[in-house]
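Quick one: structure below, then a few questions.
The values are calculated or read from the model by the stated rules, or taken from the named source; none is laboratory data. What you see is a predicted model, and the numbers here were worked out from it, not measured in a lab. Cβ atoms come from the backbone with ideal geometry, glycine included; neighbour counts cover every protein chain shown.
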Amino acid sequence: MANTLKILLLEDSGSDAELLERFLHKEIPGCRVLLAKDKRSFLDAIDDFKPDIILSDHSLPQFDSEDALKAARSKMPNVPFILVTGTVSEEYAVNIIKQGADDYILKDRIRRLPAAIGTTLQKKKSENSIRHSEAIRRLIMNSALDAIVCINTNGSIIVWTPQAEKMFGWSEEEMLDRNLDETIIPVQLREKHLAGFKNYLQSGESRMMGKVVELSALKKSGEEFPIEILIIPIQEDGNEFFCAFIRDITERKKSEKKIIESEKIYRTIFQNSPLSKWIYDTDSLQFLEVNEAAVRHYGYSREEFLNMTIKDIRPEEETENLLKDIVVLNTGIDAQSGIWQHRKKNGTLIIVETNSHPIEFNGKSARMVIANDITEKRKLELKLREHQKEEQVKITATALEAQERERHAIGTELHDNVNQILVGTKLLLASVKNVPEREILLVRSCIDNLQDAIDENRKLAHILVTPDLETESLVEQIKWLCKSMLEIAGVKVIIDTSQYDEMVLSQEIKIAIYRIAQEQCTNIVKYAAASAVNISLSNTHQQFKMTIADDGLGMEANKTTQGIGLRNINSRLSVLKGNASILTAPGKGFILEIEFPF
């Protein structure tokens, strides 16, 4: 138990057990909880699990809390035993505590369970200390976090720990053999204390014995302050005395006051929120509270809302799904979100995104819902999807058109150039037979023709094959591109890379840049009749920019989107989330500028 608190839970209700386990893990981090559902599993768990504390439901089939207590005491007499039940009579509670139970907690006050566990464990430590030796007892009592005060049947104080000295201001020497009613009990409570103590000594019955209660106490200075106290009777060597475990809850009360103030602030925020909010009863589904935004948006008055259930704002066809959702929520789910249809008072259907979480509202189990109308957002999303589909169709069409153009270019190049070279070579080789004396000259011409064919094929392959930009520089590839396409046609090319860093670009991005440059060089060769081309590459602040400017014929600005080449460039840029800008006019050249993030 020094490291991990082991809790044996006797509970036959699955839902109650799940809630208790979740609550214990939350309130007592690191604890281990073992569930027993019947007598057999309970007895086995005592032997094998060796719990530090036992929490037992009252009524199980053929096995109740009294049976469980007897079994626990016979096997592990010093293990704390707390009854956790839905409801029992006060008489039964007193009786089972007399039989040896340490405490009982009603399930509707389960939040007091951690305190009860802590108090019970502390109580057992104190009992064991007293049982072993007075020295050990005093050592443990003096090191306890709570003040411990014990009295005998005469009402005289026999134990006054250092924590009690610190809490109340009286020393142990001042308090031993004095009565509580003349020291720490406020004047207005003394008569009631004496009457209750006398009644317990005569009848064995007390409303306070064995229970954690909140009272006022008195310091030596005369200051009253709130305490939490647990009084237990202890039998030792035929003598009975009473130990009170006292905790100063001044700070807790201040915190509770702050919570109340926070709730007021929370209510103000709830009412003034621009989003629709409401609180509903998880059992009846009745609206318990709504804010002004919900009243305005849905068209119902607050009074109308409070006479409705959450089913009333749903289309009839969604009622079944709503009820299924409620069943799931009631299993203990905390935060939950979803998309639903709601109906306004005027009959208009809206799409809302809801977020809800469980709360306690005026003593009822409830959920608070925040509803955000996303009807217009959904309409815009639908339009965007339709637009994206249209753009995808255009991109696909452009890609197919580019493929056909590429196939045609390859076929033309092979037919009009390479094939003609090969045909000429064949004719030269055939003429060798007829003119033997010119064999050397003809063979040399054939070799030159074959070299031309090889060069043309290499040029064609370089255009078609994706360059290896992991091992080759993009700048060098663009230089080769300009040399093989532009400079060979007499175009002067200047490339500026002073603001360019290739290391920050991925291979995929470099390939896209290369293809865009290749596409524009093709356009220049075909249409520009240019004498000079300037290319600049730069990348700063995670933004890449490339400009290709020629001094050619130019074109009318309203026709720049009609060419296949420019459509291909825009298709590649759309993948990179980039854009292209064009500056041109007839006789003024053509400037293409592309930009995209990386």
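Quick one: Asp334 ticks every box in (1) surrounded by 12 or more Cβ atoms within 10 Å (Cβ to Cβ); (2) in contact with a Pro (Cβ under 9 Å, 6 or more places away or on another chain) except a single one, so which number is it?
The failed condition is (1).
May I ask you to verify whether Ile229 is surrounded by 14 or more Cβ atoms within 10 Å (Cβ to Cβ), closer than 25 Å to Ile97 by Cβ and without any contact (Cβ under 8 Å) to a residue 40 or more places away in the chain?
yes
Working only within segment 201-218, note down all residues that are within 16 Å of Arg190 (Cβ to Cβ) and within 44 Å of the chain's Cα centre (by Cα).
Scanning segment 201-218 gives Leu215, Ser216.
Here is a follow-up. Scan segment 3-44 for residues that are more than 36 Å from the chain's Cα centre (by Cα) and either buried (at least 19 other Cβ atoms within 10 Å of the Cβ) or in a strand (DSSP E or B) (or both) and jot them down.
Phe42, the sole residue that qualifies.
Using the structure shown, decide if Asp177 is among the charged types (D, E, K, R), part of a loop (DSSP other than H, G, I, E, B) and either closer than 19 Å to Phe225 by Cβ or out of contact with any Phe, Trp or Tyr (no Cβ under 7 Å at 6 or more places or on another chain) (or both).
So Asp177 fits the description; yes.
Give the number of residues within segment 350-395 that are farther than 25 Å from His297 by Cβ, small (Gly, Ala, Ser) and surrounded by 11 or more Cβ atoms within 10 Å (Cβ to Cβ).
Of the residues in that region, 1 qualify.
Determine if segment 461-468 includes at least one residue that is at pLDDT 90 or above and either surrounded by fewer than 13 Cβ atoms within 10 Å (Cβ to Cβ) or outside the structural domain of Ala517 (by TED's automatic domain parsing) (or both).
There is no residue in segment 461-468 that is at pLDDT 90 or above and either surrounded by fewer than 13 Cβ atoms within 10 Å (Cβ to Cβ) or outside the structural domain of Ala517 (by TED's automatic domain parsing) (or both).
Output the residues belonging to segment 219-270 that are among the polar types (S, T, N, Q), modelled with pLDDT of 85 or more and under 29 Å from the mean Cα position of the chain (by Cα).
Correct list: Ser255 only.
Could you tell me how many of the residues in segment 469-479 are surrounded by 13 or more Cβ atoms within 10 Å (Cβ to Cβ) and part of a helix (DSSP H, G or I)?
Count: 5.
Scan segment 501-516 for residues that are of a type in the set (Gly, Ala, Ser) and surrounded by 14 or more Cβ atoms within 10 Å (Cβ to Cβ) and jot them down.
Ala512
Select from segment 304-351 the residues that are under 15 Å from Asn372 (Cα atoms) and among the hydrophobic types (A, V, I, L, M, F, W, C) and list them in ascending order.
The answer is Ile313, Ile339, Trp340, Leu349, Ile350, Ile351.
So, one more: Which ones in segment 52-62 are touching a strand residue (DSSP E or B) at 6+ places or on another chain (Cβ under 9 Å) and farther than 20 Å from Lys107 by Cβ?
If the condition is that a residue be touching a strand residue (DSSP E or B) at 6+ places or on another chain (Cβ under 9 Å) and farther than 20 Å from Lys107 by Cβ, then Asp52 is the only one that fits.
Residues are listed down the side, and each one gets a yes or a no for (1) among the basic types (Lys, Arg); (2) more than 18 Å from Leu469 (Cα to Cα); (3) without any contact (Cβ under 8 Å) to a residue 40 or more places away in the chain:
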{"position": "Gln507", "(1), (2), (3)": "no, no, yes"}
{"position": "Lys510", "(1), (2), (3)": "yes, no, no"}
{"position": "Gln518", "(1), (2), (3)": "no, no, no"}
{"position": "Asn539", "(1), (2), (3)": "no, no, no"}
{"position": "Lys559", "(1), (2), (3)": "yes, yes, yes"}
{"position": "Gly589", "(1), (2), (3)": "no, yes, no"}
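Next up: For residues in segment 162-191 being touching an Asp or Glu at 6+ places or on another chain (Cβ under 8 Å) and polar (S, T, N, Q), which is surrounded by the fewest Cβ atoms within 10 Å (Cβ to Cβ)?
Among them, the one singled out is Ser171.
Sticking with this one: Which of the following residues is assigned by TED's automatic domain parsing to the domain that holds Asp312 and either free of Cβ contacts under 8 Å to residues at least 40 places away in the same chain or not in a loop (DSSP other than H, G, I, E, B) (or both): Gln271, Gln235?
Exactly one of Gln271, Gln235 is assigned by TED's automatic domain parsing to the domain that holds Asp312 and either free of Cβ contacts under 8 Å to residues at least 40 places away in the same chain or not in a loop (DSSP other than H, G, I, E, B) (or both), namely Gln271.
Moving on to the next point. Considering segment 205-223 alone, what residues qualify as being assigned to a strand (DSSP E or B) and under 16 Å from Val149 (Cβ atoms)?
Listed by number, the residues that qualify are Met209, Val212, Val213, Leu215, Ser216, Ala217, Leu218.
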